[in-house]
Amino acid sequence: DAGVTQSPTHLIKTRGQQVTLRCSPKSGHDTVSWYQQALGQGPQFIFQYYEEEERQRGNFPDRFSGHQFPNYSSELNVNALLLGDSALYLCASSSGYQPQHFGDGTRLSIL
Amino acid sequence: TQLLEQSPQFLSIQEGENLTVYCNSSSVFSSLQWYRQEPGEGPVLLVTVVTGGEVKKLKRLTFQFGDARKDSSLHITAAQPGDTGLYLCAAPSSNTGKLIFGQGTTLQVKP
């Protein structure tokens with residue numbers, strides 16, 4: 001039973017570019033949440049998707065957007081990349097009130 | 001704003017020593033979770049505590065939820081090098097699926 005899978009594992013971009021990160025939830029999960037984690041810090045909530053709608057959003061600018069597909073997979077898009085966007089981006093999936101399961105993340109580096 | 005404060009931020013100890021990590025807040029939470037994260041991986045759930053005063057044990061790890069459900073502690077007995085990692089406490093924000101994380105405690109156990 002595959003857990004949460006994220007792609008790519010690593011990505012290098014330059015300032016001003018746009019990036020798309022992908023997440024496949026654990027089998028049986030219908031909710032996907034995205035987090036940003038700076039090195040040595042705790043994850044910060046970006047947003048959560050359920051039934052293809054953004055259900056809740058954290059304190060992130062509109063440059064951060066997302067999408068959920070009918071098969072529950074999800075994408076995180078970031079436009080106009082800044083140096084400060086360099087971080088580990090984590091996807092977590094869940095169902096109902098069950099605990100969230102995390103993927104291993106995408107390490108995004110902005111040059 | 002709901003915040004979780006973890007202490008200490010860094011801990012470097014010798015194999016066999018005991019340690020305690022604290023997670024404090026001024027807010028009351030319905031539950032609290034502890035995760036461990038190793039380099040290059042996503043957070044892995046260790047335990048969820050729900051009831052005020054609850055104590056849960058996982059081998060050499062003991063987790064306690066404060067009576068008022070505002071704080072929690074993680075105690076490790078006879079630490080091993082395999083315990084090395086980033087320990088994170090997290091709690092659901094209100095009645096939503098959003099998880100609030102502490103800033104993490106980086107533990108290094110030297111052989």
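Taking accessible area as the heavy-atom solvent-accessible surface of the protein chains with a 1.4 Å probe, which residues of the stretch A:87-104 lose no less than 40 Å² upon going from the isolated chain to the full protein assembly?
A:PRO99, A:GLN100, A:PHE102, A:ASP104
Could you give the size of the charge dipole of the stretch A:16-59 about its Cα centre, using +1 on the Cβ of each K and R and -1 on the Cβ of each D and E, expressed in debye and rounded to the nearest 20?
So the magnitude is around 220 debye.
Take every Cα pair under 8 Å in chain B that's 6+ residues apart, average their separations, divide by the length, and report that relative contact order as a whole percent.
The value is 36 percent.
For A:ALA80, what charge total do you get from the other residues with a beta carbon under 15 Å from its beta carbon, if Lys and Arg give +1 and Asp and Glu give -1?
Net local charge, A:ALA80 excluded: +1.
Please compute the net charge surrounding B:ILE13, taking Lys and Arg as +1 and Asp and Glu as -1 over other residues with Cβ under 10 Å from its Cβ.
It works out to a net charge of -2.
In the stretch A:5-110, what percentage of the DSSP-assigned beta bridges are antiparallel, given to the nearest 5?
90
7 Å from Cα along Cα→Cβ at both B:GLN80 and A:LEU39: what's the point-to-point distance in nm?
3.0
If you restrict to DSSP beta bridges whose two residues both lie in chain B, what percentage is antiparallel, to the nearest 5?
Numbers: 34 of 39 bridges.
Just about 85 percent of them are antiparallel.
With a cut-off of 18 Å, note down the residues of the stretch B:1-20 whose backbone N falls inside the zone around a label point 7 Å from the Cα of B:GLN108 toward its beta carbon.
B:8-20, by backbone N distance to the label point.
Place a +1 charge on the Cβ of each Lys and Arg in chain B and a -1 charge on the Cβ of each Asp and Glu, then give the dipole magnitude about the Cα centre in debye, rounded to the nearest 20. Don't skip to the answer; put the middle values down first.
Details: 9 positive and 9 negative charges, 43 e Å.
Here the size comes out at about 200 debye.
Let me confirm one metric for peptide A:69-78, namely the mean number of other chain beta-carbon atoms within 10 Å of its residues' beta-carbons.
0
All other residues with a Cβ under 14 Å from the Cβ of A:TYR49 taken together, and with Lys, Arg as +1 and Asp, Glu as -1, what is their net charge? Please list the in-between numbers first.
Numbers: positive: A:ARG22, A:ARG55, A:ARG57, B:LYS98; negative: A:ASP30, A:GLU51, A:GLU52, A:GLU53, A:GLU54, A:GLU75.
Around A:TYR49, the charge tally is -2.
Please tell me the relative contact order of the stretch A:15-111 in percent, rounded to the nearest whole number, where contacts are Cα pairs under 8 Å and at least six residues apart. Let's see the in-between values first.
Values: 223 pairs, mean separation 33.0, N = 97.
It rounds to 34 percent for the stretch A:15-111.
Before we go on, tell me the buried accessible area for the A/B pair, both chains summed, 1.4 Å probe, in Å² to the nearest 100.
Buried: approximately 1300 Å² between B and A.
Calculate the length of the line joining the C-alpha centroid of the stretch B:66-111 to that of the stretch B:23-56, in whole Å.
Result: 6 Å between the Cα centres.
Which of the pairs B:LYS70/B:LYS98; B:LYS59/B:LYS110; B:LYS57/B:LYS110; B:LYS59/B:LYS98; A:LYS26/B:LYS98 have their Cα atoms more than 27 Å apart in this structure?
B:LYS59/B:LYS98
Pop the C-beta distance of A:TYR97 and A:THR5 into the FRET formula with R0 = 25 Å and round what comes out to the nearest 0.05.
Efficiency, from the Cβ-Cβ distance: 0.60.
Lys/Arg Cβ at +1, Asp/Glu Cβ at -1, dipole of the stretch A:5-110 taken about the Cα centre: which of A:GLN6, A:GLN48, A:TYR72 is farthest positive-ward?
Looking along the dipole axis, the top candidate is A:GLN6.
The values are calculated or read from the model by the stated rules, or taken from the named source; none is laboratory data. Please read all numbers here as calculations on a predicted model, not as lab measurements. Positions of Cβ are generated from backbone atoms using ideal geometry, with glycine treated the same way; all protein chains shown enter the neighbour counts. Each accessible area value is taken on the protein alone, full model and side chains, heavy atoms only, with ligands, DNA and RNA left out. Shrake-Rupley method; radii C 1.70, N 1.55, O 1.52, S 1.80 Å.
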